[in-house]
Amino acid sequence: MSYRTIVSPVEAEIEIKRSRFLTRLSPAADEAEARAVIAEARAEHPKARHHCSAFVLDVDSRTQRFSDDGEPAGTAGAPILDVVTGHDLTFVVAVVTRYFGGTLLGAGGLVRAYGQATSAAVDEARIVIRRERVPVSAHVDYAQANALERAAGNRGWTTRAEYGGEVGLDVLVPLAEVADAVAMYADLTAGRAEPEVGEVEWV
C-alpha cells in the first residue's frame, strides 16, 4: 500500500478583486492536529472574515471534512477539499484565510478563488509517496554492507545504515519480499549475518 502526502507546511497568497486569500497547507497526522492548524490560522489572523478549511486523513483518505466558515454553502470548503483530493493527498489540512476586499465575488467566483488559492499552495508543496516497508536488519562488516547495499539497490529496495565497528544495516522491503531479503543476506555474507525482521513502517 502507498499514499501521497506533503513533507512540510507551505503557504501561498493570491488576490482577487482586492480580497486576499492566504492558504496554509500542512501535514496532519490526525483530526486533532488538523484542527490545531485551523486554530493557529484563526489566531494569527483574527481580523480576517473567513478561515475556510478542509482536511483528508487516513491511508485510504476515508476521513474528509470541510468548513465554509460563513461563506455561502458549498463555495469554499468543498472547492478546497476538491483540490486536495484531486491531487490524491492525504494526512493533509488546508486553511484558506480571506480578507474581504469590498467586492462581492458571487458563488462561482468564490468557488474559483478558494480552489485557486489552494492550488497555489499545493504547487509550493513537496509531495512524497509513502509506502509500506518492512526493515530486515543485521550487523555486517563494511565490505558486506557495500555489497548488500548494491544488491538491494538493484532490486529497488532502499537501505539505511549506522556505522561503527560494524555496520547496522536495514534493508527496507515490501512485505511480500521479506524472504528474498533474508536470502540476500545469507547469500552475500556466506550465512554469517543473522537478519531480524522488524515491524511494518511507512517510508
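Scanning region 116-129 for residues that are open to solvent by less than 10 Å² (accessible area, probe 1.4 Å) and of a type in the set (Gly, Ala, Ser), we see that the one that is farthest from residue 87 (Cα to Cα) is 117. Note on region 130-163: residues that are among the basic types (Lys, Arg), open to solvent by 80 Å² or more (accessible area, probe 1.4 Å) and in contact (Cβ under 8 Å) with a residue 12 or more places away in the chain amount to 3.
Only one of the listed residues (65, 24, 42, 98) is part of a strand (DSSP E or B) and open to solvent by 70 Å² or more (accessible area, probe 1.4 Å). That residue is 65.
Is it the case that region 84-91 has a residue that's within 22 Å of residue 31 (Cβ to Cβ), open to solvent by less than 10 Å² (accessible area, probe 1.4 Å) and in a strand (DSSP E or B)? Yes, region 84-91 has at least one match. Cβ separations smaller than 6 Å between residues 6+ apart or across chains give the following pairs from region 176-203 residues that are touching a residue at least 40 places away in the same chain (Cβ under 8 Å) and assigned to a loop (DSSP other than H, G, I, E, B) to residues that are of a type outside the set (Asp, Glu) and open to solvent by 50 Å² or more (accessible area, probe 1.4 Å): 195/182; 203/133. Criterion first (touching a Gly at 6+ places or on another chain (Cβ under 7 Å) and either over 30 Å from residue 83 (Cβ atoms) or aliphatic (A, V, I, L, M) (or both)) does residue 134 satisfy it? Yes.
Take the residues in region 164-179 that are among the hydrophobic types (A, V, I, L, M, F, W, C) and over 30 Å from residue 25 (Cα atoms), then tell me which one is most open to solvent (accessible area, probe 1.4 Å). By that ranking, first place goes to 175.
Tell me, which residue of region 120-148 that is among the small types (Gly, Ala, Ser) and assigned to a strand (DSSP E or B) is farthest from residue 10 (Cα to Cα)?
For region 120-148, the residue satisfying everything is 138.
Here is the figure for region 29-39: residues that are farther than 14 Å from residue 66 by Cα and surrounded by 15 or more Cβ atoms within 10 Å (Cβ to Cβ) total 1.
For region 1-21, which residues satisfy the criterion of being within 13 Å of residue 118 (Cβ to Cβ) and either open to solvent by 10 Å² or more (accessible area, probe 1.4 Å) or not in a strand (DSSP E or B) (or both)?
10, 11, 12, 13, 14
If you go through region 148-199 and pick out every residue that is of a type in the set (Asp, Glu) and touching a Ser or Thr at 6+ places or on another chain (Cβ under 7 Å), you end up with 3.
The values are calculated or read from the model by the stated rules, or taken from the named source; none is laboratory data. Because the structure is predicted, anything quoted here is derived from the model rather than measured. All Cβ positions, even for glycine, are placed from backbone atoms using ideal geometry, and neighbour counts span all protein chains on display. When the accessible area is computed, the model is the full protein with side chains, heavy atoms only, and any ligands, DNA or RNA have been set aside. Shrake-Rupley method; radii C 1.70, N 1.55, O 1.52, S 1.80 Å.
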